[in-house]
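Notes to accompany the following structure.
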Amino acid sequence: MTQIYDLHCHSNASDGALSPTELVKRAAEKSVTNLALTDHDTISGLAEAKSCADELHINFINGIELSAQWEKLGVHIVGLNINPETESLHKIIAELHIMRTERAEKIAQKLAKKGIPDAFAAVQKMATNETITRVHFANFLVSQGHVESIPKAFDNYLGDGKIAYVPTTWTPLENAVQAIQKAGGIAVLAHPLRYKLTATRIKKLLSAFKKAGGLSMEIVTGRYNPDEVRILTNYAKQFELTGSVGSDFHSPVNSWIELGKLAPLCKSIKPVWELWQ
Ligand code: AMP
Ligand code: MN
Ligand code: MN
Ligand code: MN
């Protein structure tokens with residue numbers, strides 16, 4: 001049987017629109033055979049997703065997407081095939097949740113100064129666990145009629161440098177990679193072209209990631225074009241990293257990004273799943 005992998009997506013345990021069960025059901029409808037749930041800084045959706053995946057005969061891989069700091073830049077490290085019952089993972093998640101809560105309070109204060117009160121209470125209520133993301137604020141701003149869409153909420157309020165933007169120093173890249181390794185997982189550099197880095201800086205990031213113990217990088221994601229896949233394939237070869245594929249699906253509203261709708265990896269690249277299969 002043809003295997004369809006999707007190793008990066010979100011449920012409402014972080015900033016996705018669907019519950020873990022709804023997400024896995026959608027993956028099954030889209031013929032995904034191997035699915036990793038990778039919510040931002042939380043593992044709280046994994047048990048529900050796994051039990052639904054077992055029922056639907058989808059091979060489920062426990063995952064997470066950690067927010068990490070590399071130099072002055074926030075980067076995302078996906079952990080695949082992690083054991084969720086790991087102390088060091090719980091510790092880093094708890095630290096990140098504190099950072100997220102503190103940031104959320106500051107974002108709410110900035111919004112209050114602009115005449116938009118009570119955002120903190122609203123996003124706390126929306127977030128089903130402690131992972132409060134900017135998407136929760138975006139939903140709040142839409143629901144209150146301040147903006148008409150989530151992208152507009154980022155453009156006008158929440159995006160980098162915008163009026164309610166609060167810079168955060170996440171956990172160091174090395175700590176994120178180590179926590180994933182201690183949980184028996186594979187660290188994957190998420191969407192390397194989304195950080196808007198020059199080629200020199202991407203290579204510096206890949207080198208730091210590899211030195212920290214990173215073993216893989218995303219090559220095919222939901223919004224990549226063929227040129228970008230080619231560039232990333234070359235980086236993976238140069239840095240001897242395995243390749244991962246993931247849609248970064250968040251919501252059915254973005255119809256151009258769909259679970260399992262991904263180009264194949266180039267045959268010359270070792271797929272990340274060979275590291276655990
Ligand atoms: P956070 O991790 O709390 O900073 O939130 C970042 C999340 O916001 C990302 O994972 C995306 O899901 C979402 N996001 C970032 N920028 C945009 C944007 N311009 N439009 C819509 N969603 C965005
Ligand atoms: Mn997100
Ligand atoms: Mn990401
Ligand atoms: Mn993601």
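The values are calculated or read from the model by the stated rules, or taken from the named source; none is laboratory data. Everything numeric here is computed off the predicted structure, so don't read it as measured data. As a convention, Cβ positions derive from the backbone with ideal geometry for all residues, glycine included, and neighbour counts pool all protein chains shown.
For the reader, a short list of remarks on this structure follows.
- Consider the range 128-156 and keep the residues that are part of a loop (DSSP other than H, G, I, E, B) and either touching a residue at least 40 places away in the same chain (Cβ under 8 Å) or in contact with a Ser or Thr (Cβ under 6 Å, 6 or more places away or on another chain) (or both). The one that is nearest to ligand 4 (Cβ to nearest atom) is 133.
- Summed over the range 112-127, the residues that are touching a Leu at 6+ places or on another chain (Cβ under 8 Å) and either within 15 Å of ligand 2 (Cβ to nearest atom) or touching a residue at least 24 places away in the same chain (Cβ under 8 Å) (or both) give a count of 1.
- For the range 231-268, filtered to residues that are in contact with a helix residue (DSSP H, G or I) (Cβ under 8 Å, 6 or more places away or on another chain), buried (at least 18 other Cβ atoms within 10 Å of the Cβ) and of a type in the set (Gly, Ala, Ser), the residue that is nearest to residue 25 (Cα to Cα) is 260.
- Every test in (1) at negative phi; (2) more than 16 Å from ligand 3 (Cβ to nearest atom) is passed by residue 220 save one, and that test is (2).
- Residue 42 being of a type in the set (Val, Ile, Thr), part of a loop (DSSP other than H, G, I, E, B) and within 16 Å of ligand 1 (Cβ to nearest atom): yes
- Complete set of residues in the range 233-259 that are within 16 Å of ligand 4 (Cβ to nearest atom) and either of a type in the set (Asp, Glu) or under 24 Å from residue 181 (Cα atoms) (or both): 244, 245, 246, 247, 248, 258
- Pick from the range 79-101, criterion within 12 Å of residue 43 (Cα to Cα) and of a type in the set (Val, Ile, Thr), ranking: surrounded by the fewest Cβ atoms within 10 Å (Cβ to Cβ): 86
For every residue, the table says whether it meets (1) farther than 27 Å from residue 94 by Cβ; (2) over 21 Å from the mean Cα position of the chain (by Cα); (3) among the charged types (D, E, K, R).
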| position | (1), (2), (3) |
| --- | --- |
| 133 | no, no, no |
| 138 | no, no, no |
| 143 | yes, yes, no |
| 147 | yes, yes, no |
| 150 | yes, no, no |
| 158 | no, no, no |
| 163 | yes, yes, no |
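- Residue within the range 207-216 that is in contact (Cβ under 8 Å) with a residue 40 or more places away in the chain and farther than 19 Å from residue 8 by Cβ present: yes
- Taking the criterion of being surrounded by fewer than 21 Cβ atoms within 10 Å (Cβ to Cβ) and hydroxyl-bearing (Ser, Thr, Tyr), the residues of the range 1-56 that qualify are 2, 19, 21, 31, 33, 44, 51.
- Scoring residue 69 on the criteria (1) touching a strand residue (DSSP E or B) at 6+ places or on another chain (Cβ under 9 Å); (2) within 16 Å of ligand 2 (Cβ to nearest atom) leaves a single failure, condition (2).
- Among (1) closer than 22 Å to residue 74 by Cα; (2) crowded, with 22+ Cβ neighbours inside 10 Å; (3) modelled with pLDDT of 95 or more - the single one residue 163 does not satisfy: (2)
- Of the set (1) among the hydroxyl-bearing types (Ser, Thr, Tyr); (2) touching a strand residue (DSSP E or B) at 6+ places or on another chain (Cβ under 8 Å); (3) crowded, with 17+ Cβ neighbours inside 10 Å; (4) under 30 Å from residue 109 (Cα atoms), all apply to residue 157 but (2).
- Number of the exception - residue 35 against (1) of a type outside the set (D, E, K, R); (2) assigned to a strand (DSSP E or B); (3) at positive phi: (3)
- Residue count for the range 203-228 under the criterion of being crowded, with 19+ Cβ neighbours inside 10 Å and within 18 Å of residue 266 (Cβ to Cβ): the result is 10.
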